[in-house]
Amino acid sequence: MLKGLIGKKVGMTQIFDDDGLAVPVTLIEAGPCYVTQLRLPEQDGYSAVQLGFGEVKPKRLTGGQLGHLKRSSIPPLRYLREFREKDPEVKEGDKVTVDVFVPGDFVDVIGTSKGKGFAGAVKRYGFRGGPKTHGQSDRLRAPGSRGAGTTPGRVYKGAKGPGHMGNHRVTIQNLKVVLVDAERNLIGVRGAVPGAKGGLLMIKEVRKQ
Amino acid sequence: MNEIIKSVESPVNPNIPALRSGDMVRVFIRIKEGTHERTQEFKGTLIRIRKSGNDGNFTVRRIASNGIGVERTFLLRSPRLEKVIVDRHSRVRRSRLYFLRDRTGKSARLKQKF
């Protein structure tokens, strides 16, 4: 069965469990999602479900996007994402809401991490930098040597160094669902989730457990 | 704060009065020991309070035996917190009374506010 949702990060708080322990929780406003298309092995070479989320005014979408949604009379949606699923048990136009998950389930959450811009090697890869004392200047956050000498005479591609950090796709695995509110389309998972508040998230059933 | 976040947080405990730094307080906490529950009292000076939804907490400092200072932090909305009784208020000029940590005996007293 399809177990996947698209949502928006609301923010973090902590709630108390039955033992009175404080549990860190990220709230996600997820769904209602609509099945906008089914990917079939015969037709596409793989099977997946395309879900749509985030109702918008029709004029915010292009004609092509509207036409794609119109096929199964789905309201205009801003975001479309695919979920790989061999046996989805849904059809086009179906509504998917938070009640596909129940408290106690484990999920993977995919989001886009916060962009950090062009970051140095200390921040980006946890390099230790140089010494602060003993006659050093300008070496405190330097990456150090980047490669060998005459052989190979260059820095190998993919070597760790300064560069753009953040703003890429991140998956957090095995987050426990602690709260599901079908009325408000709200789901709460234990722990942190990538991205800023308001960021788009994909919630999937766990892959490894 | 965000309304959705507020809505999942616990309600305010009616047995906790308005607290301020410098208050002499008695805190009653429920403690689970195996199967049965009992209430424990912790009495001391409130040296810090942070009110922020479910994360809100306060720290109580007391001088235990041998003059050793003991500080304990409680979550304001915790269901384990039974009640808090304020015995007296003190006249203090700052909200974080960390200076009490360096003082003992007579100099660690606070003036009472009526």
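The values are calculated or read from the model by the stated rules, or taken from the named source; none is laboratory data. Remember, predicted model here, so these are calculated numbers, not experimental data. Heads up, the Cβs are rebuilt from the backbone with ideal geometry, glycines too, and the neighbour counts pull from every protein chain shown. What goes into the accessible areas is simple: the full protein's heavy atoms, side chains included, and nothing from ligands, DNA or RNA. Shrake-Rupley method; radii C 1.70, N 1.55, O 1.52, S 1.80 Å.
A single member of A:94, A:44, A:138, A:87 is charged (D, E, K, R) and closer than 27 Å to residue A:198 by Cα, and it is A:94. Take the conditions (1) surrounded by 11 or more Cβ atoms within 10 Å (Cβ to Cβ); (2) among the charged types (D, E, K, R); (3) under 19 Å from residue A:53 (Cβ atoms); residue A:146 misses just one of them, which is (3).
Being without any contact (Cβ under 8 Å) to a residue 24 or more places away in the chain, open to solvent by 60 Å² or more (accessible area, probe 1.4 Å) and touching a Leu at 6+ places or on another chain (Cβ under 8 Å) is the requirement here; does residue A:82 meet it?
No, not satisfied.
Yes/no matrix, rows are residues, columns are (1) away from chain A (no Cβ under 14 Å); (2) of a type in the set (D, E, K, R); (3) open to solvent by less than 60 Å² (accessible area, probe 1.4 Å):
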| position | (1), (2), (3) |
| --- | --- |
| B:6 | no, yes, no |
| B:16 | yes, no, yes |
| B:44 | yes, no, yes |
| B:52 | no, no, yes |
| B:66 | yes, no, no |
| B:97 | yes, no, yes |
| B:100 | yes, no, yes |
| B:104 | yes, no, no |
| B:108 | yes, no, yes |
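If you scan the range B:1-35, which residues turn out to be of a type in the set (Gly, Ala, Ser) and farther than 30 Å from residue A:187 by Cβ? Please lay out each step first, then the result.
Quick first cut of the range B:1-35, residues of a type in the set (Gly, Ala, Ser) only: B:7, B:10, B:18, B:21-22, B:34.
Correct list: B:18, B:21, B:22, B:34.
Do you know which of the residues in the range A:1-13 that are at the interface with chain B (Cβ under 10 Å from one of its Cβ atoms) and open to solvent by less than 40 Å² (accessible area, probe 1.4 Å) is farthest from residue A:66 (Cα to Cα)? Ranking the qualifying residues of the range A:1-13, first place goes to A:13.
For the range A:17-37, the count of residues that are crowded, with 17+ Cβ neighbours inside 10 Å, touching a strand residue (DSSP E or B) at 6+ places or on another chain (Cβ under 6 Å), under 29 Å from residue B:10 (Cα atoms) and at pLDDT below 85 is nonzero. Note on the range A:38-56: residues that are touching a helix residue (DSSP H, G or I) at 6+ places or on another chain (Cβ under 8 Å) and buried (at least 19 other Cβ atoms within 10 Å of the Cβ) total 1.
Comparison of B:48, B:72, B:77, B:61 shows that the only residue that is away from every other protein chain (no Cβ under 11 Å), open to solvent by less than 60 Å² (accessible area, probe 1.4 Å) and not aliphatic (A, V, I, L, M) is B:61.
Taking the criterion of being of a type in the set (A, V, I, L, M) and touching a residue at least 12 places away in the same chain (Cβ under 8 Å), the residues of the range B:23-64 that qualify are B:24, B:25, B:27, B:29, B:31, B:46, B:47, B:49, B:60, B:63. When the range A:48-94 is filtered for residues that are touching a Phe, Trp or Tyr at 6+ places or on another chain (Cβ under 6 Å) and β-branched (Val, Ile, Thr), the ones remaining, listed by number, are A:49, A:74.
Quick test for you: out of A:70, A:57, pick the one residue that is over 23 Å from residue A:100 (Cβ atoms), more than 24 Å from the chain's Cα centre (by Cα) and touching a residue at least 12 places away in the same chain (Cβ under 8 Å). Show your work before the answer.
Working: A:70 fails: touching a residue at least 12 places away in the same chain (Cβ under 8 Å).
Among A:70, A:57, only A:57 is over 23 Å from residue A:100 (Cβ atoms), more than 24 Å from the chain's Cα centre (by Cα) and touching a residue at least 12 places away in the same chain (Cβ under 8 Å).
When the range A:1-44 is filtered for residues that are farther than 18 Å from residue A:203 by Cβ, under 25 Å from the mean Cα position of the chain (by Cα) and not in a strand (DSSP E or B), the ones remaining, listed by number, are A:40, A:44.
Pick out the one residue from A:176, A:204, A:197 that is within 14 Å of another protein chain (Cβ to nearest Cβ) and either surrounded by fewer than 17 Cβ atoms within 10 Å (Cβ to Cβ) or within 15 Å of the chain's Cα centre (by Cα) (or both). Walk me through how you get there before you give the answer.
On the way: A:176 fails: within 14 Å of another protein chain (Cβ to nearest Cβ); A:204 fails: within 14 Å of another protein chain (Cβ to nearest Cβ).
None of the others qualify; the one that does is A:197.
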